[in-house]
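A.B. asks: Structure in structure tokens, see below.
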Amino acid sequence: MKQLHQKVNIVPIIAKADVLTKTEVTQLKKRILEEIKLNGIKIYTLPEVDEDEDESYKEEVRQLKAAMPFAVSGSTTFIEAKGRKVRGRVYPWGVIEIENPEHSDFVKLRTMLIAHMQDLQEVTGEVHYENYRLQKLAAEAKAGAKAELLIDSSNARGGGDDMKRILEEKEAELRKMQELMAKMQAEIQHKN
């Protein structure tokens with residue numbers, strides 16, 4: 001997670017939650033959030049709700065935030081439970097219904113992904129992709145500086161005019177890209 005959190009949105013999930021008791025799930029959620037905080041890992045956080053939003057939406061977002069990390073159970077089979085067909089698993093002690101909020105956070109996870117897909121895409125594009133571009137630009141700048149040293153040494157030996165011209169063009173292009181990146185980052189910080 002440490003290697004990924006700067007590159008992608010991380011939504012923590014506890015898989016196979018049906019093998020844990022409710023107390024174990026609660027303790028595991030707390031421990032995971034503590035580990036994430038302790039290691040400085042950035043996870044996807046739901047955007048703040050405006051004051052003018054309706055109360056039901058505010059409550060939904062509050063419940064989604066409280067449910068992280070989502071404890072989910074999965075199943076591809078349909079079973080008969082209480083006279084209706086549901087996705088779930090049958091155990092000797094009972095039935096786990098995947099879409100029952102008492103058994104799994106699957107519905108909350110699905111709701112979060114569907115309701116906040118636009119925000120997930122924006123964070124990916126405006127934060128993660130821009131960070132990636134900055135890293136690549138910085139790497140190119142370092143490579144350009146090394147190339148300039150090579151050109152200078154070849155000029156001392158009597159050649160490299162074409163290489164120097166190409167390098168100057170690349171540096172000008174890089175400066176333009178860095179200025180554009182600085183403007184974009186300022187806009188992103190201004191929005192937040």
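Here, each number is a calculation from the coordinates, and none is a lab measurement. Note that the structure is predicted; figures quoted are calculated from it, not measured.
A.B. asks: Give me, ordered by chain and number, the residues 5 or more places off TYR44 or on other chains with an amide H under 5 Å from its own placed amide H.
C.D. replies: Residues meeting the criterion, in which the H sits 1.01 Å from N, are ILE10, VAL11.
A.B. asks: While we're looking at this one, here's another question. Could you tell me what fraction of 2.2 N^0.38 Å the Cα radius of gyration of the chain comes to, as a two-decimal ratio? The partial results should precede the final answer.
C.D. replies: Details: Rg = 25.5 Å, N = 192, 2.2 N^0.38 = 16.2 Å.
Ratio of Cα Rg to 2.2 N^0.38 Å: 1.57.
A.B. asks: Over the chain, with a Gaussian network built from C-alpha contacts below 10 Å, which listed residue (LEU137, LEU38, LEU109) shows the highest mean-square fluctuation?
C.D. replies: LEU38
A.B. asks: Over every pair of different alpha-carbon atoms in segment 2-65, take the mean of 1/r and invert it; report that Kirkwood radius in Å.
C.D. replies: 14.0 Å
A.B. asks: For the chain, what does the relative contact order come out to in percent, with C-alpha contacts under 8 Å and a separation of six or more?
C.D. replies: Numbers: 163 pairs, mean separation 37.6, N = 192.
Once divided by the residue count of the chain, the mean separation gives 20 percent.
A.B. asks: I've got another one for you. Of the cross-linked pairs LYS7/LYS136; LYS42/LYS142; LYS42/LYS183; LYS42/LYS65, which ones have a Cα-Cα span greater than 18 Å in the structure shown?
C.D. replies: Numbers: LYS7/LYS136 13 Å; LYS42/LYS142 28 Å; LYS42/LYS183 24 Å; LYS42/LYS65 15 Å.
Pairs exceeding the cut-off: LYS42/LYS142; LYS42/LYS183.
A.B. asks: Which percentage, to the nearest 5, of the DSSP beta bridges contained in the chain is antiparallel? Please list the in-between numbers first.
C.D. replies: Values: 8 of 10 bridges.
Among the beta bridges of the chain, antiparallel pairing accounts for roughly 80 percent.
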